[in-house]
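Take a look at the structure set out below.
Only the coordinates and a few stated rules stand behind these numbers; no lab work does. All values derive from a computational prediction rather than experimental measurement. For neighbour counting, all protein chains shown are included, and Cβ atoms are generated from backbone atoms with ideal geometry for every residue, glycine included.
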Amino acid sequence: MPPENKHGQVGGKRLILHPLLGNKSTSSLWERRIMQAKIGKENLPKPQNAITIAVSSRALFNMDLEQDIYEQQGMEDYLNYQIQHEMEPFAPGPAFPFIKFCSSSEEVMMDVLLVCVVQAVEAVNTRLRELYPDSEELFDVVLMTSNHAHVGLRLINSINHHQLFLERFCMTGGNSPIGYLKAYHTNLYLSADSLKVREAIEAGIAAATVFSPGKITEVPETQLRVAFDGDAVLFSDESERIYKAHGLDKFFEHEKAHENKPLDHGPLKGFLEALGKLQQKFYAKGQRLDCPIRTYLVTARSAASSGTRALKTLRSWGLETDEALFLAGAPKGPMLEKIRPHIFFDDQMFHVEGAAELGTVAAHVPYGIAQKIPPKKDGKKDTSARQLE
């Protein structure tokens, strides 16, 4: 990847700061890191106490060129290239704050937005430290990559270049990261590799494949907004199986007959629970209306016919979402465009693609009956089994 020159250009294309983000957050983040170094305390939470989000290197940075070298020329050429270019920072990828992007480059656009999540997470941690200086119940972001340790220097240089507050690394040298995810008590794993995401879910870890939108939508810098689908995401796919096997009328009958029976949990129930615990810490200080975390249930269910069971299920778990939107089968993209979440989780690619088209960072949760529907053919070869994440 060509280095950025003094005029802010990469590969002959002008890089600009994201117009929705200023320099204030970068400066404050860097000043905080310097201050922590001066007092000799990084103030990192212990993994068993933190809300841990593990992010793969290809979700955090644009490594498409390097992936092509690996696939076409092999591991040794890939490692040599990384070492030769280790002083050249990677471009951002779907989740952090100071987003620099090429307005005319679709590839960089695809890698730009995981950065926003990191920025909002840092804002939450700052507020938590103000209210609870000694608490270790904070967000902790871990770079979880199957890359070789030789790539570590370039990743560190990229993190420092983009001024990310990210201290924990796990580089598995091509081995599966799943065992390490468990060791870190991971609450959420975000990756660009659908096979690793499936492996994580099968191991009982909340996980999703991240897709960047076709355009960049402004998202809040000081409030983390997370939107969830219901069935096969927060809940099990029990009701969805009834719908696909017997149709809409039988689905409504089933939900009415079982409205007082809570649904089993889905793969992301635990992550909503973790967010709820942090929210309660703000509520305890009288900051419910000024909480830096906001959650949304965005479901294709209809309120009158099948919404009762969804809400009663959340209540039975001792959980809630700040907002619940029952769309009765209407497209989710336009509503998400209004919500402006940092990330939206859904089990159906139809909804993920619809959200991404309108500017939402969407993540696919490969769980439940919907995954048995053959994926849409796009003519691209499947190289996911050989991806270095």
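Under a 5 Å amide H cut-off, with hydrogens placed 1.01 Å from N, Leu224 pairs with Ile293, Arg294 among residues at least 5 apart or on other chains. Under 18 Å of direct C-alpha separation, and excluding same-chain neighbours fewer than eight residues apart, Lys285 reaches these aspartates and glutamates: Glu130, Asp134, Glu136, Glu137, Asp322. Under the criterion of Cα pairs below 8 Å and six or more residues apart, the relative contact order for the range 224-372 equals 30 percent.
Once both labels are positioned 7 Å from their Cα atoms along Cα-to-Cβ, the gap between Glu167 and Thr217 label points is 3.5 nm.
As a rough guide to protection, the peptides 125-136, 224-235, 187-198, 313-324 ranked by mean Cβ packing within 10 Å, highest first, stand as 224-235, 187-198, 313-324, 125-136.
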